[in-house]
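Peer 1: My questions all concern the structure below.
The values are calculated or read from the model by the stated rules, or taken from the named source; none is laboratory data. Owing to the predicted nature of the structure, the values given are computational and were not obtained by experimental measurement. In this analysis, Cβ positions are derived from the backbone assuming ideal geometry, glycine residues included, and neighbour counts consider all displayed protein chains.
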Amino acid sequence: MAHTFVKDVMISDLATLDASTSIRDAAKLMDEKNIGCIIVTKNQLPIGILTERDFVKRIAAKEKPLTTSLEQVMSSPLIDIDPNETVWEAAQIMKTNNIHKLPVKKGNQIIGIVTSTDLVKICSVGSDSEMRRICDQIISRMQEE
C-alpha cells in the first residue's frame, strides 16, 4: 500500500477569524459550526490557532473576560504541515509538539486541518494484517531514531 498523504485525509472545511475577534464570537462560531478549533489571522495571514483546549487552559483557567481578543489567548506560532507530507509525518509533528490539531499550509494559506481523531480513524480502517504492517512500520521508524 502506498503512503497516505495529508491532503488525502485533511478536513478542508475550517473556520478563520481575525486576531481582533472576541473570545465570545469565536465560541459562538465554534458552537454553530460544531468545530473544535479556529485559525486566527492577521491581515488575512494565519498567525495562530484557538482550540477547545485553549478555552480550558488559556481562558477559563485564567478567568479571561469573553471580550478578550483571540490574539491574547491563541496558540502561536502556528505549527503546520505541507499537504504533500505523509500522515506519518503529521503524527510525528503532533507527538513532538503535544498537539491534537495540525493545520495544513499551502503557500501562505491554511487549506485544511488534520486532527489526531482523523489519524486514529485511518489506523482503525485497515484489516488486522494491515494494522500489523502499519504498527511494524511505526516501530521500525522509532528504532531508527
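Peer 1: Determine whether M74 is buried (at least 16 other Cβ atoms within 10 Å of the Cβ) and touching a residue at least 40 places away in the same chain (Cβ under 8 Å).
Peer 2: yes
Peer 1: Can you report the number of residues in the stretch 42-54 which are within 15 Å of the chain's Cα centre (by Cα) and not acidic (D, E)?
Peer 2: 7
Peer 1: Further, regarding this structure: Is at least one residue of the stretch 32-48 closer than 16 Å to G112 by Cα, of a type in the set (S, T, N, Q) and at pLDDT 95 or above?
Peer 2: There is at least one residue in the stretch 32-48 that is closer than 16 Å to G112 by Cα, of a type in the set (S, T, N, Q) and at pLDDT 95 or above.
The rows are residues; the columns are (1) at pLDDT below 90; (2) surrounded by 15 or more Cβ atoms within 10 Å (Cβ to Cβ).
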residue	(1), (2)
L78	no, yes
N84	no, no
K106	no, no
T117	yes, no
I122	yes, yes
G126	yes, no
R133	yes, no
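Peer 1: Exactly one of (1) over 17 Å from the mean Cα position of the chain (by Cα); (2) within 27 Å of T96 (Cα to Cα); (3) crowded, with 17+ Cβ neighbours inside 10 Å; (4) aliphatic (A, V, I, L, M) is unmet by I23. Its number?
Peer 2: All conditions pass for I23, except number (2).
Peer 1: Residue by residue through the stretch 37-67, note down the ones that are among the hydroxyl-bearing types (S, T, Y) and surrounded by 16 or more Cβ atoms within 10 Å (Cβ to Cβ).
Peer 2: T41, T51
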